[in-house]
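Here the structure is laid out as structure tokens; the discussion comes afterwards.
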Amino acid sequence: MTGDPCDKCEEILQEFLDRTLTNDEWAEAEVHLSECGYCRRRYRFEETLRRYVKLSAVERMPPGLMAKLQELRGLDAST
Amino acid sequence: MSEPESATEARRIATEARDRARFEDEALTFADQVYRVARRLVGSREEAEDLVQETYARAFRSWRSFTPGTNMRAWLLRILTNLNVDRGRRIQRSPQTQQLEESDYYLANKVASAAGEDALEQEQVVERMSQDSIVNALSEISPQLRDVVVLVDIGDFTYADAAQILDVPIGTVMSRLHRGRRALKQKLAEEALP
């Protein structure tokens, strides 16, 4: 069983994870998380997912690109 | 030109050369981060390399238009996203894709039905999704939503930076981010879960 989605969670979760809530909202979210097991699980899940998506999607610059960029130095505005 | 005037002119040229070299040095420190975003906005490594080179070419040519002390990483990304849109190179969403309006918890619930509510077991289910399938899912969401998700979740830009880069209000960034993440999770639930 997964329990019913909590409306409160929909509302605050993304910004909570993005650390963009105001102090008051943050405090309210903390209180809610301490009381709502459903939201706590979703919060953990979202955190895990975001970390894994980022890990999967980040690709390092190919070798050789930096040298090509270095060659662009000094380009004139008229060229 | 009289002697003092030419000395002033020489100093001006030297100062400008120094400022320019500093600008270029700083811009190049962001190359890896610029590439990281570029790579997820276009379909191939080659296109990403081209896009990054075009971005730096334009940045170096127009270095005087950068205001020192402002966010250079965001300035570079603004050039990059504009170039990318201008050239129509953004990965297009496949036309048969349906946009279902599921809740944020569609994926979470699907994972929970496979792993139960244990956090560690859920983590293992998430990590069994192949990294390729995640990259694919990201490439399948609509370009407008993907730009924001890539900037914020892959590039670590703030909402305000993303708004500046894409030239849209912060509220638009937030709603696209929310919809984009939701679309991504839906793709993952449909295509990537083992």
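Listing for the model above:
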| quantity | calculated |
| --- | --- |
| Matching option when the condition is open to solvent by less than 10 Å² (accessible area, probe 1.4 Å), farther than 17 Å from B:I154 by Cβ and small (G, A, S), among B:A31, B:A17, B:A59 | B:A59 |
| Complete set of residues in the stretch B:34-49 that are of a type outside the set (A, V, I, L, M), more than 10 Å from chain A (Cβ to nearest Cβ) and either farther than 26 Å from B:F157 by Cα or surrounded by 15 or more Cβ atoms within 10 Å (Cβ to Cβ) (or both) | B:E47 |
| Residue in the stretch B:83-98 that is assigned to a helix (DSSP H, G or I) and either closer than 21 Å to B:D32 by Cβ or modelled with pLDDT of 95 or more (or both) present | yes |
| Residue in the stretch B:62-81 that is nearest to the other protein chains (Cβ to nearest Cβ), counting only those that are of a type in the set (G, A, S) and open to solvent by 30 Å² or more (accessible area, probe 1.4 Å) | B:S62 |
| Residue that is nearest to B:L166 (Cα to Cα) [pool: residues in the stretch B:38-51 that are out of contact with any Lys or Arg (no Cβ under 9 Å at 6 or more places or on another chain) and of a type outside the set (D, E, K, R)] | B:A38 |
| Residues of the stretch A:34-79 satisfying the condition of being within 7 Å of another protein chain (Cβ to nearest Cβ) and closer than 18 Å to B:Y105 by Cβ | A:R41, A:R42, A:R44, A:F45, A:T48, A:L49, A:R50, A:Y52, A:V53 |
| The stretch B:113-147 - residue that is within 7 Å of another protein chain (Cβ to nearest Cβ), open to solvent by 10 Å² or more (accessible area, probe 1.4 Å) and aliphatic (A, V, I, L, M) and, of those, nearest to the chain's Cα centre (by Cα) | B:V135 |
| Selection count where residues are surrounded by fewer than 20 Cβ atoms within 10 Å (Cβ to Cβ), hydrophobic (A, V, I, L, M, F, W, C) and touching a residue at least 40 places away in the same chain (Cβ under 8 Å), scope the stretch B:154-188 | 0 |
| Pairs where the first residue, in the stretch A:8-33, is more than 14 Å from chain B (Cβ to nearest Cβ) and the second is acidic (D, E) and open to solvent by less than 50 Å² (accessible area, probe 1.4 Å), C-beta under 7 Å, 6+ apart | none |
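Here is a yes/no grid of residues against (1) farther than 20 Å from B:L166 by Cβ; (2) touching a strand residue (DSSP E or B) at 6+ places or on another chain (Cβ under 9 Å); (3) at pLDDT 95 or above; (4) in a helix (DSSP H, G or I):
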site: B:E9; (1), (2), (3), (4): yes, no, no, yes
site: B:A14; (1), (2), (3), (4): yes, no, no, yes
site: B:A17; (1), (2), (3), (4): yes, no, no, yes
site: B:R20; (1), (2), (3), (4): yes, no, no, yes
site: B:D32; (1), (2), (3), (4): yes, no, yes, yes
site: B:R36; (1), (2), (3), (4): no, no, yes, yes
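The values are calculated or read from the model by the stated rules, or taken from the named source; none is laboratory data. The structure displayed is predicted, hence computed values, not measured ones. All Cβ positions, even for glycine, are placed from backbone atoms using ideal geometry, and neighbour counts span all protein chains on display. Quick note on the areas: whole protein, heavy atoms, side chains included, nothing else; ligands and nucleic acids left out. Shrake-Rupley method; radii C 1.70, N 1.55, O 1.52, S 1.80 Å.
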